[in-house]
Structures are given as structure tokens and as C-alpha cells.
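Let me begin by presenting the structure, written as C-alpha cells, before commenting on it.
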Amino acid sequence: MSLKNLPALDYERRQVFDLPPMRLEVTEHQAEIKRCPVSGLSGRAAFPAGVEAPVQYGPHFRGLMLYLSNQQILPFDRLHQVCKDLFGQPLSLGTLAAINARASEALAPVERAIIQAITRAPAVHADESGLRVAGKLHWLHVTSTSLLTFFGVHRHRGAEAMDALGVLPHCLSWLIHDFWKPYLKYDALHALCNQHLLRELKFLSEQCGQLWADQLSRFLLDWKNDPRTKDGLNEEVFHCAHRHYRALIAKGRKAHPRRESGQGRSKQDKATNLLDRLEDYDLCILAFLLDPNVPFTNNQGEQDIRMIKVKQKISGCFRTLEGAQCFARIRGYLSTCRKQGINLWDACFQAALGQPFLPTLPESGKAT
């Protein structure tokens, strides 16, 4: 018996999610050319905005290349193969370089806005990492917050590079770093990464039997986890914590006294060097107890710059300084968009259009 004409009692649903066929779609634009019957001069109608060459890739394709090369860090050879396999259209290195350069130019005002917002932030993370450009050692510098990222490439690691990149000289609030000495020349309030200190203290405790080092580690971790720290300690409690800190340093000094002037220039042991730093920069180390805007570690900066190691493992060095600088600017934009919840495919498409997102810029003085 046929059930064709009987009413349905209900429906059982099944859905299939799939992709449409992967192919390039070619749209031809024709502009009329006419001659004025009076003047004899010919004129041509205008092409749509963005149609600038006889043959070119559109913004969706350029956005995809930006996403794959700068976010997913695919090397050129693999990008070339992806385009050939998916679209039947091999990608040239010159085309990819032009796509990145065009996007980088469009992102210049976004980068300036990010830099200005970073310099107004109450706490800024800074770090640097080596990278190879044209076979020579250069440095990728990062300054960032939880919402903003700036990357800059320079052939130097120290203050010359930091001055040239133009961010740290204008940061006057907290600057969190790992005690790379050139950072200390700036007028910011300095906070040292305690994760680095914990690693050094662990070595002295486990390898050298330094009891004071283990006690100081426990002191730092106890205060890191203390609920009072999230709001900043009042003056009385902070002075109590500071006295405890100084007492632990004094224990270490019994075995490793500070070298007095005139005692020669022989190399100090690691414990004495660390104690000098712990004593001289005590308020920088305990800054997380003073201000809730100051984190315990510089993990934000380290996480932001870690991708350059992945980039070099996958793709090797940069062929030109211009290419490295393009990558740094685009990656800073994408990192900022990621932190602010903007879809990165949309961010790449808008950059390819020449209309990149302007990230939300926190008000001056607000924690980021």
C-alpha cells in the first residue's frame, strides 16, 4: 500500500555540512570607451573600486593567502601546492609578496593606533627573540598587553632597536620584562618576570643545596596565590611582606656576601649574582604586590613572541628585511584581532580589501 498521499506524522532530520566546489570564479568588467562628437576626444568609463589591473586576484583570494601565510604560517612551497591542488592555479612568489606588501601598507594606520594605545596602557609586556633575515641575525621585538600586540623587526637587540621602533621610550607606566638590561634605561616603572627568578632559584635549591633559594621560591608562590594580591596590598601588609623578603635575602648573603669595591674583577658565582639582583631590584620583583595591574610573570610577552620560533622551524629565514617587516606588521594586527575576539578570516579579508578592522583601543589608565 502506498503512503504517498497520507499526511506526515513528524519529520526526522539529518544535516550534511560540506564545502562548495573549490574553484576560482572569474568576473570580467568591461568599461565602455566612447568618442565625443564635438571635441573628438575619447573617454573611458570608470572600473569598480579595487579593479586596477587587466588580470588580478580578488580580495577573497588575497585574504585567504594572508591567512594561510601569516596566521597558519605555511611556507611558500606549500602555499603554491595548495593553490594548484584546490584551484588549479599555481601561486607565484612575487604575487604572494605583493599581497603581503599591499596588506602591510593598509595596516600602517592600524599599527600606529596600536602603538599609541600600548604606550597608554597601565602595564606593558616586552620581549625579544632572534630571527634570520637574508642569512643574518636580526631581532623580533614585541610589546603587548592582553588586548594589543606590536611586533617590530630590527638588526639590533638592545636600546638602539627599542628607540628606533618607538614604543618603549613612550611607555611611562609598568613595563614587565625579564631583566634584559637595556629595558632598564627607560623611564617606565619596571616589574621583573618572577617566572624567570623561580627557575634560577630552583636551580640553586636543587643543584647547589641553597635552602634560602627554596624558601624564597615558596615566599613568591605563596604571595602569588594569596587572594589579597589581586587587589594590591595595603602599605602595612606590603611592608611586612617586604621585611620577610629582605630576611630571606639576608640568609643567602651569609654564604654569598656582596663583593665590595676594590675586591678585584674575578667572576662571581651564580648565587651571588642573583642575590645582587634580588637585593637591588626588590621593588621591581615585588611589584605584583603593589599594583593589581602588574602580573606575576611576563608570560604574555613570551607567548606573543613564541610564534616566531614556529615560523622559522616551518618556513626558515626571511629572504628580505622588507618581507620580515611586512610579516611583523600583519602578525601584530592578527594577534590583536585574536585577543579582541575578531574572526581572523574576516580580519584578513578586510585587510585585503584595504579596510582593516581598527581594534578596540582601551581608554588610558584602564587595565589591559
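The condition of being under 14 Å from residue 295 (Cβ atoms), at pLDDT 95 or above and buried (at least 19 other Cβ atoms within 10 Å of the Cβ) holds for residue 125. Does any residue of region 122-145 turn out to be in contact (Cβ under 8 Å) with a residue 12 or more places away in the chain and touching a Cys at 6+ places or on another chain (Cβ under 6 Å)? Taking every residue of region 122-145 in turn, at least one turns out to be in contact (Cβ under 8 Å) with a residue 12 or more places away in the chain and touching a Cys at 6+ places or on another chain (Cβ under 6 Å). So which residues in region 223-238 are closer than 27 Å to residue 124 by Cβ and either assigned to a helix (DSSP H, G or I) or in contact with a strand residue (DSSP E or B) (Cβ under 7 Å, 6 or more places away or on another chain) (or both)? Of everything in region 223-238, those that are closer than 27 Å to residue 124 by Cβ and either assigned to a helix (DSSP H, G or I) or in contact with a strand residue (DSSP E or B) (Cβ under 7 Å, 6 or more places away or on another chain) (or both) turn out to be 223, 224, 225, 227, 228, 229, 230, 231, 235, 237, 238. Remark: residue 111 matches the filter, which requires a residue to be under 23 Å from residue 344 (Cβ atoms), assigned to a helix (DSSP H, G or I), charged (D, E, K, R) and in contact with a strand residue (DSSP E or B) (Cβ under 8 Å, 6 or more places away or on another chain). May I ask you to verify whether residue 204 is surrounded by fewer than 23 Cβ atoms within 10 Å (Cβ to Cβ) and either touching a strand residue (DSSP E or B) at 6+ places or on another chain (Cβ under 9 Å) or among the aliphatic types (A, V, I, L, M) (or both)? Considered against the rule, which asks whether it is surrounded by fewer than 23 Cβ atoms within 10 Å (Cβ to Cβ) and either touching a strand residue (DSSP E or B) at 6+ places or on another chain (Cβ under 9 Å) or among the aliphatic types (A, V, I, L, M) (or both), residue 204 comes out as no. Here is the figure for region 308-347: residues that are without any contact (Cβ under 8 Å) to a residue 24 or more places away in the chain, small (Gly, Ala, Ser) and within 13 Å of residue 110 (Cβ to Cβ) total 1. For region 27-51, a tally of residues being of a type outside the set (Val, Ile, Thr) and either closer than 14 Å to residue 352 by Cα or in contact (Cβ under 8 Å) with a residue 40 or more places away in the chain (or both) returns 2. In a residue-by-residue description of region 271-278, the property of being without any contact (Cβ under 8 Å) to a residue 12 or more places away in the chain and within 23 Å of residue 181 (Cβ to Cβ) applies to at least one position.
For region 239-254, state whether one or more residues are hydrophobic (A, V, I, L, M, F, W, C), in contact with a Ser or Thr (Cβ under 7 Å, 6 or more places away or on another chain) and part of a helix (DSSP H, G or I). Taking every residue of region 239-254 in turn, none turns out to be hydrophobic (A, V, I, L, M, F, W, C), in contact with a Ser or Thr (Cβ under 7 Å, 6 or more places away or on another chain) and part of a helix (DSSP H, G or I). The requirement of being over 24 Å from residue 152 (Cβ atoms), surrounded by fewer than 21 Cβ atoms within 10 Å (Cβ to Cβ) and not aliphatic (A, V, I, L, M) is satisfied by residue 81. Considered as a group, the residues in region 284-305 that are more than 30 Å from residue 246 (Cα to Cα) and in contact (Cβ under 8 Å) with a residue 60 or more places away in the chain include one that is nearest to the chain's Cα centre (by Cα), and that residue is 304. Contact annotation: residue pairs with Cβ atoms under 9 Å, 6 or more positions apart or on different chains, pairing a residue in region 11-25 that is in contact (Cβ under 8 Å) with a residue 40 or more places away in the chain with a partner that is assigned to a loop (DSSP other than H, G, I, E, B), are 23/88; 24/57; 24/58; 24/88; 24/89.
When region 96-116 is limited to residues that are polar (S, T, N, Q) and surrounded by 19 or more Cβ atoms within 10 Å (Cβ to Cβ), the one that is nearest to residue 166 (Cα to Cα) turns out to be 104.
Might you let me know whether region 4-27 holds any residue that is part of a loop (DSSP other than H, G, I, E, B), surrounded by 10 or more Cβ atoms within 10 Å (Cβ to Cβ) and touching a strand residue (DSSP E or B) at 6+ places or on another chain (Cβ under 8 Å)? No, every residue in region 4-27 fails to be part of a loop (DSSP other than H, G, I, E, B), surrounded by 10 or more Cβ atoms within 10 Å (Cβ to Cβ) and touching a strand residue (DSSP E or B) at 6+ places or on another chain (Cβ under 8 Å). The condition (being within 22 Å of the chain's Cα centre (by Cα) and modelled with pLDDT under 95) is satisfied by just one residue among 91, 41, 74: 74. The residue that is surrounded by the fewest Cβ atoms within 10 Å (Cβ to Cβ), counting only those in region 158-171 that are assigned to a loop (DSSP other than H, G, I, E, B) and in contact (Cβ under 8 Å) with a residue 40 or more places away in the chain, is 166. Just checking, does region 245-268 include any residue being at pLDDT 90 or above, out of contact with any Leu (no Cβ under 8 Å at 6 or more places or on another chain) and acidic (Asp, Glu)? Within region 245-268, none of the residues are at pLDDT 90 or above, out of contact with any Leu (no Cβ under 8 Å at 6 or more places or on another chain) and acidic (Asp, Glu).
Please count how many residues of region 172-201 are surrounded by fewer than 22 Cβ atoms within 10 Å (Cβ to Cβ), touching a helix residue (DSSP H, G or I) at 6+ places or on another chain (Cβ under 6 Å) and among the hydrophobic types (A, V, I, L, M, F, W, C). Here the count works out to 1. Where in region 295-368 are there helices (runs of 4 or more DSSP H), lying fully within it, with 1 or more residues that are surrounded by 21 or more Cβ atoms within 10 Å (Cβ to Cβ) and in contact with an Asp or Glu (Cβ under 6 Å, 6 or more places away or on another chain)? The qualifying helices (runs of 4 or more DSSP H) are 299-305, 321-339.
The values are calculated or read from the model by the stated rules, or taken from the named source; none is laboratory data. Note that this is a predicted model, so its numbers are computed, not measured. Here Cβ is always computed from backbone atoms with ideal geometry, including for glycine, and neighbour counts include all displayed protein chains.
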